[in-house]
Structure formats: structure tokens, C-alpha cells
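Beneath this line is the structure, given in C-alpha cells, with notes to follow.
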Amino acid sequence: MAKTLWIKRADFKNWIYQEKKDIEDGFYIYPKRKFLFSLLAILVLIWAIFRVWMASSLETTKSWEYQIVTLAGNIRTPVLDSLFSSLTFLGSKYFIVGAFLILAVALLKNRRKRAAATVFLTLIGSFLLIFIFKNIFNRSRPFGCLDSNDCFSFPSGHATLSFYFYGMLFYLIIRFLKPKGKAAWLIGLSLLVLIGLVALSRIYLGMHFPTDIIGGFLLGGIWLIIAMVLI
């Protein structure tokens with residue numbers, strides 16, 4: 001038993017070393033123009049997050065955002081509550097983590113270890129940055145705290161995770177499964193609609209303002225770019 005564990009530990013260390021070496025080698029052969037463009041895109045998205053946050057503090061922005069949240073509250077019904085609660089779960093950390101585990105198993109079974117490791121690391125990174133940004137921006141939710149540890153709304157964690165994860169899922173499908181023509185468009189459109197519905201559910205349920213959603217999409221885009229470059 002001990003010998004088996006030692007062998008597995010050695011295999012894991014060898015895999016980590018090999019992956020590190022492959023990434024270092026890949027860095028030198030990766031097209032520099034693409035790398036610089038990706039870095040520029042990340043910097044622009046970071047700048048855009050701060051711009052959206054600044055815009056959210058303007059009185060005119062606050063006015064129309066509260067109008068939208070109030071309108072959503074006025075049209076609530078038990079049926080819509082049930083529907084949007086189900087949709088919002090598809091962007092929750094619990095669902096995304098569970099979906100990731102299934103995705104990771106599928107990637108590992110198909111010998112896509114780097115893709116599995118990248119998705120894992122960027123997913124952890126997205127959780128961490130959501131927490132950091134929410135505490136930096138310190139913006140209250142439309143109707144107050146969900147609990148004592150969940151009072152801040154910018155950027156939306158659901159929007160970040162759904163944009164990142166479903167965007168990454170589409171990228172992996174296109175890269176490894178290579179669907180053709182209409183199939184690729186249908187998959188992409190379906191995932192895009194799902195991302196939009198998750199975002200809409202957060203506004204409908206009174207959890208977020210529209211600018212929270214925009215900030216979440218921008219943050220999710222940052223991690224999506226990082227993951228695509230690493231893979």
C-alpha cells in the first residue's frame with residue numbers, strides 16, 4: 001500500500017515537472033503577437049471593470065438601475081420565481097464546481113491533463129478574484145445581505161462564473177471535438193443564451209444591479225482569456 005502511494009506520488013511529481021517544462025517551452029514558441037494581444041485584452045478588461053464600477057456610483061446610473069430592479073420586483077410571480085431560481089442555480093458556485101468535476105474527469109479520460117489543470121487553476125483564481133474585488137468595491141446588494149458573509153454585489157459572482165465556465169466549455173468543445181458548421185453555431189448560441197438567462201435571473205431575483213452583471217462578464221472574460229492562452 002505504501003509502495004503504491006509512493007509510486008503515485010512520484011508519478012504526480014513527474015507529471016507536474018513535465019507540465020511545467022512544456023509550459024516554459026510553449027511560452028517561447030507561442031506567437032508573441034497573440035500573447036501581447038491577449039495581455040492587452042486582459043488589461044483593457046481590468047480597466048473596464050473599474051470604469052463600470054465608477055459609472056455605477058453616478059446618480060443617473062443609480063436611478064435607472066433601481067428602476068430596473070423595482071420593475072423586476074413588480075412582475076414577480078411564483079412561477080417566474082421558480083423558473084429564475086432554477087436558472088440562477090446553473091451559475092452558482094455549487095453547480096459550477098460539480099460541473100467542473102465532471103468536465104475534469106472527461107478531460108483526464110481523454111488525456112487532456114493540461115486542459116483539466118488549467119480549468120481547475122483558473123476556476124480557483126476566479127473564485128479568489130471575485131472575493132477580492134467584492135471587498136475592494138464594497139457595493140451593497142439591491143435588497144441587502146443574503147447572509148452575514150454575503151453583502152456585496154460588484155462584480156456578480158454568478159455572471160463571472162457562468163461567463164467563464166460556459167465560455168471555456170465552448171472553447172474546449174470547439175478545440176477538441178471540432179463540431180462543424182451549424183452544430184458549432186448552435187452550441188455557441190445555446191451557451192450564450194444560458195449565460196444571458198443566468199445573468200437575467202440575478203436581476204429578477206433582486207440579487208444584483210445591471211452593472212454588477214457587466215462587471216462579472218468582464219471578470220469572467222479575463223479568466224477565459226488566461227485559460228485559453230495556457231491551454
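The values are calculated or read from the model by the stated rules, or taken from the named source; none is laboratory data. A quick note: this is a predicted structure, and the numbers were derived from the prediction, not measured. Backbone-built Cβ (ideal geometry, glycine too); neighbour counts: all protein chains shown. These area figures cover heavy atoms from the full protein model, side chains too; ligands, DNA and RNA do not enter into them. Shrake-Rupley method; radii C 1.70, N 1.55, O 1.52, S 1.80 Å.
Numbers below:
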{"read-out": "Alpha-carbon centroid distance for the pair segment 127-172 / segment 73-89, whole angstrom", "value": "20"}
{"read-out": "Cubic angstrom per residue, convex hull over Cα atoms of segment 60-111", "value": "105"}
{"read-out": "Kyte-Doolittle mean at least -1.0, axial Cα span of 20 Å or more - DSSP H helices of the chain", "value": "2-29, 32-56, 59-74, 93-109, 113-137, 157-172, 181-204, 210-230"}
{"read-out": "Solvent-accessible area per residue, Å², over the chain with all protein chains present [probe radius 1.4 Å]", "value": "61"}
{"read-out": "37 °C / 0.692 mPa s Stokes-Einstein diffusion coefficient of segment 94-142, Kirkwood radius on C-alpha pairs, µm²/s", "value": "268"}
{"read-out": "Listed residues L103, L192, L177, most fluctuating in the chain (Gaussian network, C-alpha, under 10 Å)", "value": "L177"}
{"read-out": "C-alpha center-to-center spacing [segment 186-215, segment 101-125] in angstrom", "value": "25"}
{"read-out": "Carbon + sulfur, % of accessible area of segment 40-90 - ligands and nucleic acids excluded, 1.4 Å", "value": "74"}
{"read-out": "Length-normalised contact order of segment 102-231 in % [C-alpha pairs under 8 Å, at least 6 apart]", "value": "36"}
{"read-out": "Helical contribution to [θ] at 222 nm, DSSP H n ≥ 4, -39,500 (n - 2.57), averaged over the chain, rounded to 500", "value": "-27500 deg cm²/dmol"}
{"read-out": "Approximate spin-label separation S57-I136, in nm, with each point projected 7 Å along Cα-to-Cβ", "value": "1.4"}
{"read-out": "GNM flexibility winner over the chain from S162, S57, S201 (Cα, springs under 10 Å)", "value": "S57"}
{"read-out": "Cα-based Rg / Dmax (Å) for the chain", "value": "19.9, 67"}
{"read-out": "Cα-only radius of gyration and Dmax that characterise segment 46-88, units Å", "value": "14.4, 40"}
{"read-out": "Within a Gaussian network of the chain (alpha carbon springs, distance under 10 Å), most fluctuating of I124, I214, I42", "value": "I124"}
{"read-out": "For segment 164-210, radius of gyration divided by Kirkwood radius, i.e. Rg to Rh on alpha-carbons", "value": "1.13"}
{"read-out": "Overall dimensions of segment 124-231 by Cα: Rg and Dmax, Å", "value": "15.1, 49"}
